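What follows is a single structure, written as structure tokens, with notes after it.
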Amino acid sequence: MDLGLSNKSVIVTAGSKGLGYATALEFAKEGAHVTIASRDAERIQSAKAAIEKETGNKQIEAVVCDMTDHQAILDLVEGVVKRHGTVDVLVNNSGGPKAGRFEDLTDEDFQTAFELNLLSFVRTIRAVLPYMKQQRSGHILNIASSSIKEPIASLLLSNTFRTGLVGLSKTLSQEFAPSNILINTIGPGRIATDRVRHLDEVIAKERQLDLGFIQKEQEARIPIGRYGQPDELARIAVFLCSEANTYMTGQALLVDGGMVKAL
């Protein structure tokens, strides 16, 4: 299937590793002009080189951008528009917030999570919106967590701000549908990334158990019986942001191997 992404201008934030990297890689395979952003200068350049080597796509840009810095976000989008004339696709992604229960978390923890996991998404959407409205087309995908459907123990900040992101996405999908801008949210379950390994390590430490035991325990909760791979989520993300999707908007979809039991 031709997804219609060749030469499209795509931004993927937090694109140096994990789900962001995997998603950027899949866009590159489709021939898109992909700009990946990360606050880690060395890592983002390594990611660019790896994507170019694997795909042969030389239209990859790496930009250092701290997603809690409003001006850095504006500079990121302005730079993409200068290079490619517009932004066709925005994939909003960010590192996960601090783990912890309510009494473990401070006001500063809440503020940090708000700025990284919700406000940064607001700012990137606001920055790309004029270009998408002008061309009367665009795809925006917000990567969240399975906590959008079912709260996760000891991840209060994720449970709070990821669900807020769903409310934002749903509302904006209705506001901007007349401009043919489609906005969806995707919620990864237990995907084999550094973030999920870190969360497993936190659980193992709390329960004073072996990491391997915790991972086996988590796998037993997943009907498919294993953790997902980043590329399994990435392929779905690319489909949602492609010309193959012309009518799905305002949706919050899980990629979790059937783990979440909530409807």
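Could you check, for the stretch 219-233, whether at least one of its residues is in contact with a Ser or Thr (Cβ under 8 Å, 6 or more places away or on another chain) and in contact (Cβ under 8 Å) with a residue 24 or more places away in the chain?
Among the residues of the stretch 219-233, at least one is in contact with a Ser or Thr (Cβ under 8 Å, 6 or more places away or on another chain) and in contact (Cβ under 8 Å) with a residue 24 or more places away in the chain, which makes the answer yes.
What is the residue count in the stretch 111-136 for residues that are over 18 Å from residue 170 (Cβ atoms), over 18 Å from the mean Cα position of the chain (by Cα) and surrounded by 17 or more Cβ atoms within 10 Å (Cβ to Cβ)?
So the answer is 1.
Need pairs with beta-carbon distance below 6 Å; first residue within 17 Å of residue 109 (Cβ to Cβ) and assigned by TED's automatic domain parsing to the domain that holds residue 106 and within the stretch 144-159, second at pLDDT 95 or above and aromatic (Phe, Trp, Tyr); sequence gap 6+ or separate chains.
Matching pairs, first to second residue: 156/102.
Scan (1) over 18 Å from residue 125 (Cβ atoms); (2) hydroxyl-bearing (Ser, Thr, Tyr); (3) in a helix (DSSP H, G or I) for the single condition residue 246 breaks and write down its number.
(3)
Quick one: which residue in 171, 163 is touching a helix residue (DSSP H, G or I) at 6+ places or on another chain (Cβ under 6 Å) and β-branched (Val, Ile, Thr)?
After applying the criteria, what remains is 163.
Suppose we filter 212, 189, 257 for residues that are surrounded by 15 or more Cβ atoms within 10 Å (Cβ to Cβ) and either over 28 Å from residue 122 (Cα atoms) or of a type in the set (Lys, Arg) (or both); which single one remains?
On inspection, the qualifying residue turns out to be 257.
Would you confirm whether or not the stretch 218-229 contains a residue that is surrounded by 15 or more Cβ atoms within 10 Å (Cβ to Cβ) and within 30 Å of residue 125 (Cα to Cα)?
Yes - at least one qualifying residue is present in the stretch 218-229.
Sort out which residues of the stretch 39-49 are within 23 Å of residue 7 (Cβ to Cβ) and free of Cβ contacts under 8 Å to residues at least 12 places away in the same chain, and write them in order of number.
Selection gives 49 alone.
Restricting to the stretch 17-39, what's the tally of residues that are surrounded by 24 or more Cβ atoms within 10 Å (Cβ to Cβ) and assigned to a loop (DSSP other than H, G, I, E, B)?
Qualifying residue count for the region: 1.
Quick one: is residue 174 touching a residue at least 60 places away in the same chain (Cβ under 8 Å) and assigned to a helix (DSSP H, G or I)?
For residue 174, the condition - touching a residue at least 60 places away in the same chain (Cβ under 8 Å) and assigned to a helix (DSSP H, G or I) - is met.
Return the pairs, sorted by first residue and then second, in which the second residue is hydroxyl-bearing (Ser, Thr, Tyr) and surrounded by 18 or more Cβ atoms within 10 Å (Cβ to Cβ), the first residue lies in the stretch 61-73 and is farther than 17 Å from residue 10 by Cα and assigned by TED's automatic domain parsing to the domain that holds residue 128, the beta carbons are less than 8 Å apart, and the residues are 6+ apart or on different chains.
68/120
The values are calculated or read from the model by the stated rules, or taken from the named source; none is laboratory data. Remember, it's a predicted structure, so these values are computed and weren't measured experimentally. In this analysis, Cβ positions are derived from the backbone assuming ideal geometry, glycine residues included, and neighbour counts consider all displayed protein chains.
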